[in-house]
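Below: the structure, in C-alpha cells.
The values are calculated or read from the model by the stated rules, or taken from the named source; none is laboratory data. For clarity, every value in this text was computed on a predicted model and none was experimentally measured. With ideal geometry, Cβ positions are generated from the backbone for all residues, glycine too; neighbour counts draw on all protein chains shown.
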Amino acid sequence: MSAQRGRDLLLRVESAPSVFTTIGGLRARQIAFNAEAVDITHAESTGRWRELLAGAGMRRAALSGAGVFKDDASHALVRQLFFDGEIRSWQIVIPDFGVVEGAFQLSSLEYRGEHAAEVTFELSLDSAGALTFAAL
C-alpha cells in the first residue's frame, strides 16, 4: 500500500436500513484490530516455549476519531446513539485497502472548544459483533 492522505479515511454510520451517512470532517482517526491469545503452554511444551491455541482468542476492533460534524443531522444522530447506548452498523473506509463494516457501540463522545476556533468532537467506537471486510 503506497502513502495515502489521512483525510480519505472515512467514518460512516447507518442512518437508515442500508443507508450510510458520513458523520463529519474527521481530522484525526485511527482503527485498531486486536486478537487475544489463548496460552496452552504445558510442562511438556518443546523447550518450554509458549504455545498458543489457533483461532481461540477473542477478536475486537476499536476506532477513535476527532473532527467537526458535517451538519446538524449527523451531530444529532451520533449524540442520540450515545445517549441511547444503541449498537449500530458503521463503515470505516480505508483508502486503497477496503471497507470494514459491522456493529459498533459508541463508547465515548467528547466535545472541545477553543476560544478562537470551532467546536470539535472526539469519539470512540468498540466492535459489538462480527465485522466484514470488502477490498476496494
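Count of segment 1-24 residues, restricted to those that are modelled with pLDDT of 90 or more, small (G, A, S) and not in a strand (DSSP E or B), is 1. Among the candidates T46, T132, single out the residue that is of a type in the set (S, T, Y), farther than 20 Å from G24 by Cα and within 18 Å of the chain's Cα centre (by Cα). Of the residues listed, the single one that is of a type in the set (S, T, Y), farther than 20 Å from G24 by Cα and within 18 Å of the chain's Cα centre (by Cα) is T132.
To keep it simple, each residue is scored yes or no on (1) modelled with pLDDT under 95; (2) at positive phi; (3) surrounded by 12 or more Cβ atoms within 10 Å (Cβ to Cβ); (4) β-branched (V, I, T).
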site	(1), (2), (3), (4)
I31	yes, no, yes, yes
G57	yes, no, yes, no
V68	yes, no, yes, yes
A76	yes, no, no, no
F97	yes, no, yes, no
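Criterion applied to V119, V68 was being in contact (Cβ under 8 Å) with a residue 40 or more places away in the chain, of a type outside the set (D, E) and more than 20 Å from L9 (Cα to Cα), and the one residue passing it is V119. Any residue in segment 38-53 that is in contact (Cβ under 8 Å) with a residue 12 or more places away in the chain, of a type in the set (K, R) and at negative phi? Looking through segment 38-53, none of the residues is in contact (Cβ under 8 Å) with a residue 12 or more places away in the chain, of a type in the set (K, R) and at negative phi.
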